[in-house]
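The values are calculated or read from the model by the stated rules, or taken from the named source; none is laboratory data. Fair warning: this is a prediction, and the values are worked out from it, not measured in the lab. Every residue, glycine among them, receives a Cβ derived from its backbone with ideal geometry; neighbour counts consider all protein chains shown.
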Amino acid sequence: MTTMGFKYHSGPSRVIEALEMNTSAFVVGDLVYLDEGLVTVCSSNEKIYGVALRDGSTAATGVRYIPIQVITPNTYFIAEVDTTTATTDVGSAFRVNFTSASQSVDIAGTTTTAVRIESLVDAHGTATGRVVVRFRDAALLGD
């Protein structure tokens, strides 16, 4: 299932460009991190740096720049959840499903949490509904 990934909502906004790693199978909206200064997709619990604003490619390492929306603890994003939304989810922390092109908030995942749901965008009970999230300090790479 393809999802919208993570889309900027509000808060501090900073976009940088970094060279991509040659194995960069990510799409716009995927969470990325920097591996020796090169952009690559988050696939588990790497420290998150930002959100890809351009699809990755299989170009040679260091050939193409990728714009990244840098994530800070005070930056808010809209993302989909992997199940239905509930008003009780607001204020709780959850994991992220890190499958490229299908990254979403894992409502069942309450260990190794990365995001906190701040509000519901879609009505309570919406399947794969959208939520506003803020990333936890511990999940971020930082500058």
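The table for this structure:
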| item | result |
| --- | --- |
| Residue satisfying all of: in the stretch 19-37; surrounded by 18 or more Cβ atoms within 10 Å (Cβ to Cβ) and assigned to a strand (DSSP E or B); farthest from the chain's Cα centre (by Cα) among these | E20 |
| All positions within the stretch 44-70 that are modelled with pLDDT under 90 and under 21 Å from D137 (Cβ atoms) | S44, N45, E46, K47 |
| Strands (runs of 3 or more DSSP E) within the stretch 42-143 that include 3 or more residues more than 11 Å from the chain's Cα centre (by Cα) and not hydrophobic (A, V, I, L, M, F, W, C) | 115-120 |
| Criterion violated by V81 - all others in (1) among the hydrophobic types (A, V, I, L, M, F, W, C); (2) closer than 16 Å to S44 by Cα; (3) surrounded by 14 or more Cβ atoms within 10 Å (Cβ to Cβ) satisfied | (2) |
